[in-house]
Amino acid sequence: MCAYRLDQRILLFVSNLHTSGLRFNVPPAHPIDAQADAAEVGRTVRLLLARSRVDGEMPTDVNARQKALLEGTGFRSWSQLERRAAHCLIVQEESAISIEPSRNETRHERGPTRGHAYLPDRERFVSADCTDEVLGKALRHALDSCA
């Protein structure tokens, strides 16, 4: 799954992994107040991780999926959403949850990439059975590290 922090809210998306290795977000967006307590953030992340699939069907109509993803976010395009957002990919393995921050290179000095560049030195790991509060705090810290 992934998380985008924008000003006063965090947008959470379920992500499915196709057998080809491609990961894609699944509508709808799940907004949560950026000031919500850590346990609520962690609880929501855990619920959405449980909905993620490893054998997700690839979307056939990319434009329709993107429109559905943006519905209710207040953004007209994915680039508009990402332009101002801190981003983390959240992956649950058997015994751990990894939170992988990335920085939007178009907001900073252009690096070797455009769009979101993974920041491996800022990745965080928590135990898969940690409390919701620990998970929520870890996500907040990872989102803070995207600056």
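The values are calculated or read from the model by the stated rules, or taken from the named source; none is laboratory data. Because the structure is predicted, anything quoted here is derived from the model rather than measured. As a convention, Cβ positions derive from the backbone with ideal geometry for all residues, glycine included, and neighbour counts pool all protein chains shown.
Show the residue pairs meeting these rules: Cβ distance below 6 Å; 6+ apart or different chains; first residue within region 75-91 and under 23 Å from N63 (Cβ atoms); second residue part of a loop (DSSP other than H, G, I, E, B).
L81/F75
Of the conditions (1) of a type in the set (G, A, S); (2) more than 26 Å from V134 (Cβ to Cβ); (3) touching a helix residue (DSSP H, G or I) at 6+ places or on another chain (Cβ under 9 Å), A38 clears all except one; give me its number.
(2)
Quick check: anything in region 67-74 acidic (D, E) and over 18 Å from Y4 (Cβ atoms)?
If we filter region 67-74 for residues that are acidic (D, E), which is where we start, we get 71.
Filter again for over 18 Å from Y4 (Cβ atoms), leaving none.
No, the conditions are met nowhere in region 67-74.
Considering only residues that are part of a loop (DSSP other than H, G, I, E, B) and of a type in the set (V, I, T), look in region 85-128 and name the one that is modelled with the lowest pLDDT.
Once the filter is applied, the top-ranked residue is T113.
May I ask you to list the residues in region 37-67 that are free of Cβ contacts under 8 Å to residues at least 12 places away in the same chain and of a type in the set (A, V, I, L, M)?
Answer for region 37-67, where residues must be free of Cβ contacts under 8 Å to residues at least 12 places away in the same chain and of a type in the set (A, V, I, L, M): L47, A50, V62, A64.
Can you give me the number of residues within region 67-79 that are in a helix (DSSP H, G or I), out of contact with any strand residue (DSSP E or B) (no Cβ under 8 Å at 6 or more places or on another chain) and at pLDDT 85 or above?
Qualifying residue count for the region: 1.
Under 7 Å between Cβ atoms, which residue pairs at least 6 apart in sequence (or on different chains) link something in region 126-147 that is touching a residue at least 40 places away in the same chain (Cβ under 8 Å) and surrounded by fewer than 16 Cβ atoms within 10 Å (Cβ to Cβ) with a partner that is of a type in the set (A, V, I, L, M) and assigned to a helix (DSSP H, G or I)?
The qualifying pairs are E133/A38; E133/A39.
How many residues are of a type in the set (G, A, S) and touching a Leu at 6+ places or on another chain (Cβ under 6 Å) if we restrict to region 10-45?
The qualifying residues number 2.
Residue by residue through region 4-29, note down the ones that are surrounded by fewer than 18 Cβ atoms within 10 Å (Cβ to Cβ) and either at pLDDT 85 or above or polar (S, T, N, Q) (or both).
Scanning region 4-29 gives Q8, R9, T19, S20, P27, P28.
Would you confirm whether any residue within region 48-64 is at pLDDT below 85, crowded, with 17+ Cβ neighbours inside 10 Å and not in a strand (DSSP E or B)?
Looking for residues that are at pLDDT below 85, crowded, with 17+ Cβ neighbours inside 10 Å and not in a strand (DSSP E or B), one finds at least one in region 48-64, hence yes.
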